[in-house]
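Some notes on the structure that comes next.
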Amino acid sequence: MILFAYAGNMNVDEFAKLVPSAKKIGVAKLPGYKFIFNTTAPDESSKANVVRSLEPNAAVWGILIQINDEERENFFNPDPVTNDLELELVSCVTQNGITYHAEVFTAKPHAVNTHLLPYDWYHQRIIKLTKDAELPKAYINQIIAMAFKKDPDEERRMNRQKRFGL
């Protein structure tokens, strides 16, 4: 399978700890979608998601990762009760103009919120990953401009900043 990875899944080295076969194909865009922080997290913040968009130039940038089908269960739990995410089949285009059919994680409707913001350390992590993946600067600037809030749990905030090298 091919996964269109955005946000935290763009760290292929980290992803490969769960899925040893994971290999980066390259940078790609997912046209007709937009990046948003609207997935409810247990810590009262929002995490990344992609949603369909009718905006004419809407696109999410990320990377394509090739994965052996046998390892799918290493990172995806399809149980409808315990999983807030689903995989959706999409078409992505690389910077070289090659189209790939891939799957992308999207939040299930019950896991979407409109009232929570991501924590500052999570926002910083996503920005770092977009820069590390060498996504287009204009796209990175869109994410930089997104709203976030300071994590009220200072210990968690400092631990996450240290863990993610922020």
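The values are calculated or read from the model by the stated rules, or taken from the named source; none is laboratory data. Please read all numbers here as calculations on a predicted model, not as lab measurements. Please note: Cβ atoms are built from the backbone with ideal geometry, for glycine as well, and neighbour counts cover all protein chains shown.
Leu166 - would you say it is in contact with a helix residue (DSSP H, G or I) (Cβ under 8 Å, 6 or more places away or on another chain), aliphatic (A, V, I, L, M), assigned to a loop (DSSP other than H, G, I, E, B) and surrounded by 13 or more Cβ atoms within 10 Å (Cβ to Cβ)?
yes
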Checklist entry - under 20 Å from Ala133 (Cα atoms) and touching a Cys at 6+ places or on another chain (Cβ under 8 Å): does that describe Leu30? => result yes
Item to check | Filter result (assigned to a strand (DSSP E or B) and at pLDDT below 90) within the stretch 36-86 | outcome: Leu85, Glu86
Item to check | Any chance Arg52 is in contact (Cβ under 8 Å) with a residue 60 or more places away in the chain and among the charged types (D, E, K, R) | outcome: no
Item to check | Matching option when the condition is of a type outside the set (Val, Ile, Thr), in contact (Cβ under 8 Å) with a residue 60 or more places away in the chain and assigned to a strand (DSSP E or B), among Lys29, Lys24 | outcome: Lys29
Checklist entry - Got a sec? Which of Lys17, Lys24 is basic (Lys, Arg) and at pLDDT below 90? => result Lys17
Checklist entry - How many residues are part of a loop (DSSP other than H, G, I, E, B) and either closer than 18 Å to Arg52 by Cβ or within 17 Å of the chain's Cα centre (by Cα) (or both) when one looks only at the stretch 90-115? => result 3
